[in-house]
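These notes are about the structure you will find just below.
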Amino acid sequence: MRQITFFLFMLLTVTFSFGQTLPVDFESAEDDAFEAFNGATAAVVTDPTDASNTVLELVSNGDGFDGATLTMATYVDLSDDANNTITMEFWTPDATTRSHLLQLRGATGASPQIQLYFDTTAAGWQTVTLNFSDAGPTLSDNYFLIDLFADAGDGNTATGTYYIDDIDGPNGGAVPVDPVPATAAPIPSYPDSEVYSIFNDTNNYSTVFPIVYGFGSVAGTPDLDDSDDVNVAYKYNFGLDGFGQGEGGPDDVSAYNFVTFDYWAEDGLTGFDVVMINQGAEYVYQVGVDEAIVSETWVKVEIPMSHFTDLGFNSASFFQWKMGPLDNSVDNAGIGYIDNILLTENTLSSETFNAAEFNAYPNPTNDVWNIQTTENIETVQIFNTVGRLVKEVKVNGNTTRINANDLSAGIYFAKISNEFNQTKTIKLVRN
């Protein structure tokens, strides 16, 4: 048996809305909480040796690290060295020596991610016993993700169909329930001829980002549409990791003037980073700093490409993108959903509203802000830096006064809207 230990210091536990409890025998609906990755496929099927039993079928595709992730409803507790063994039944098609890998991750503590390789050398069912005392230092009591890698190891191009059953080990406490948006993100209305699609599954855009690989991790890609239609989003746990994608070579996106997407943030998420990447250099826009973060509703963000190019981004050599924790720190934890990541030639706002001038004075202020625009506006909403609405003013004109006397000193964001629900956000400071 070979073993390897990875130390990825994650500082907060992610939570999920469904999952499994050890032992996992794939006999109940709760045991369907798994997702294949890196080209593998996974499904609950009838045991090929016992028609009365159901098992997890895992089919590898030749990638050195493909498999399936099981999402737990209760934590796996490996904190007791006398009781930190994971067992499972594992079926292989022949007696060829094959290398596999079981990994637990997502915990807090000294070992947030831990893994052990194991070999199979016989055809049919066999019991695999993995003692994680052999895998590293003090282990954690709150692992909630179990990764099963099929044919595992750098350069391992083997393929195979395997069956797994009766995964067992020491249970910990219940994993809290994640927040979930009540609806899917709105379907974009940008015309096809003006869009370069990075992530979208509803519009069949013609021009798409040529994805070659992903990096980091997402907490899932749930379908948030309650109807028979499908509308998935990336689910991020910014207390665990960020996620992005890259292509084989740089792409010229200089024809596009905006980076746009929709997000839904749980209450308490302070923000996240939006990153455009050339080879070797990252350029960042921060939701929560460059604009207010708004909680528990879908929000459309339209960032001028000039924000990134002014920082040095070369739009003729677009290489990678990612969404990550605010300031690249997992201390800024929380759950967020992101959908419809697009590059667009234009925004959904009218050209006149987008080009309008928006001024606030005095800014900073001790008592009031005067907000003046060159367009008619309907409302001004004031948000604090954690996305809470602290004040809303009806306007129906191009000027208004915002009383700040009842607000604490700090940074605020004014979301200015017109009758067509077109918006502009400006930063305000209260002394």
- request: Only one of these is in contact with an Asp or Glu (Cβ under 9 Å, 6 or more places away or on another chain) and outside any loop (DSSP other than H, G, I, E, B): 183, 260. Name it.
  value: 260
message: It is to be established whether one or more residues within the range 119-129 are in contact with a His (Cβ under 8 Å, 6 or more places away or on another chain) and more than 16 Å from residue 168 (Cα to Cα).
response: yes
statement: Those residues of the range 265-280 which are within 26 Å of residue 38 (Cα to Cα) and touching a residue at least 12 places away in the same chain (Cβ under 8 Å) amount to 272, 273, 274, 275, 276, 277, 278, 279
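On the given criteria, is residue 325 under 22 Å from residue 237 (Cβ atoms) and at pLDDT 90 or above?
Here the answer is yes, as residue 325 does meet what is asked.
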- line: Of the residues in the range 340-369, those that are at pLDDT below 90 and not in a helix (DSSP H, G or I) number 9
Failed item, numbered, when residue 193 is tested on (1) part of a loop (DSSP other than H, G, I, E, B); (2) over 27 Å from residue 39 (Cβ atoms): (1)
- request: May I ask you to verify whether residue 120 is free of Cβ contacts under 8 Å to residues at least 40 places away in the same chain, among the β-branched types (Val, Ile, Thr) and in the same structural domain as residue 157 (by TED's automatic domain parsing)?
  value: yes
- prompt: Name the pairs whose Cβ atoms lie under 7 Å apart, with the first residue in the range 55-81 and in the same structural domain as residue 151 (by TED's automatic domain parsing) and closer than 21 Å to residue 154 by Cβ, the second charged (D, E, K, R) and part of a loop (DSSP other than H, G, I, E, B), and 6 or more positions between them or separate chains?
  reply: 60/66; 60/151; 64/154
- request: Give the residues of the range 213-248 that are of a type in the set (Gly, Ala, Ser) and in contact (Cβ under 8 Å) with a residue 60 or more places away in the chain, sorted by residue number.
  value: 216, 219, 220, 233, 239, 242, 244, 246
message: So, in the range 375-394, how many residues would count as being surrounded by fewer than 19 Cβ atoms within 10 Å (Cβ to Cβ), of a type in the set (A, V, I, L, M) and over 27 Å from the mean Cα position of the chain (by Cα)?
response: 2
message: Looking at the range 202-236 only, could you name the residues that are surrounded by 18 or more Cβ atoms within 10 Å (Cβ to Cβ), in a strand (DSSP E or B) and modelled with pLDDT under 90?
response: 220
task: Quick one: count up the residues across the range 237-257 that are among the small types (Gly, Ala, Ser), part of a strand (DSSP E or B) and farther than 22 Å from residue 291 by Cα.
output: 3
statement: The correct count of residues that are within 26 Å of residue 235 (Cβ to Cβ) and over 28 Å from the mean Cα position of the chain (by Cα) in the range 50-85 is 0
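One line per residue, one yes/no per condition, for (1) more than 30 Å from residue 335 (Cα to Cα); (2) assigned to a strand (DSSP E or B):
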site: 396; (1), (2): yes, yes
site: 402; (1), (2): yes, yes
site: 405; (1), (2): yes, no
site: 412; (1), (2): no, yes
site: 424; (1), (2): no, yes
- prompt: Residue check, residue 337 against (1) over 26 Å from the mean Cα position of the chain (by Cα); (2) assigned to a strand (DSSP E or B), all met but one. Which one?
  reply: (1)
statement: Within the range 268-288, residues crowded, with 19+ Cβ neighbours inside 10 Å and aliphatic (A, V, I, L, M) come out as 269, 274, 275, 276, 277, 284, 287
message: Going residue by residue through the range 337-349, is there one that turns out to be free of Cβ contacts under 8 Å to residues at least 24 places away in the same chain and surrounded by 13 or more Cβ atoms within 10 Å (Cβ to Cβ)?
response: no
field: Any chance residue 66 is acidic (Asp, Glu) and closer than 16 Å to residue 150 by Cβ
entry: yes
- prompt: (1) outside any loop (DSSP other than H, G, I, E, B); (2) under 28 Å from residue 320 (Cα atoms): which one isn't true of residue 166, the others all being true?
  reply: (2)
- prompt: Which ones in the range 268-313 are part of a strand (DSSP E or B) and among the polar types (S, T, N, Q)?
  reply: 278, 286, 295
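The values are calculated or read from the model by the stated rules, or taken from the named source; none is laboratory data. Since the model is a prediction, treat every value here as computed from it, not as a measurement. Please note: Cβ atoms are built from the backbone with ideal geometry, for glycine as well, and neighbour counts cover all protein chains shown.
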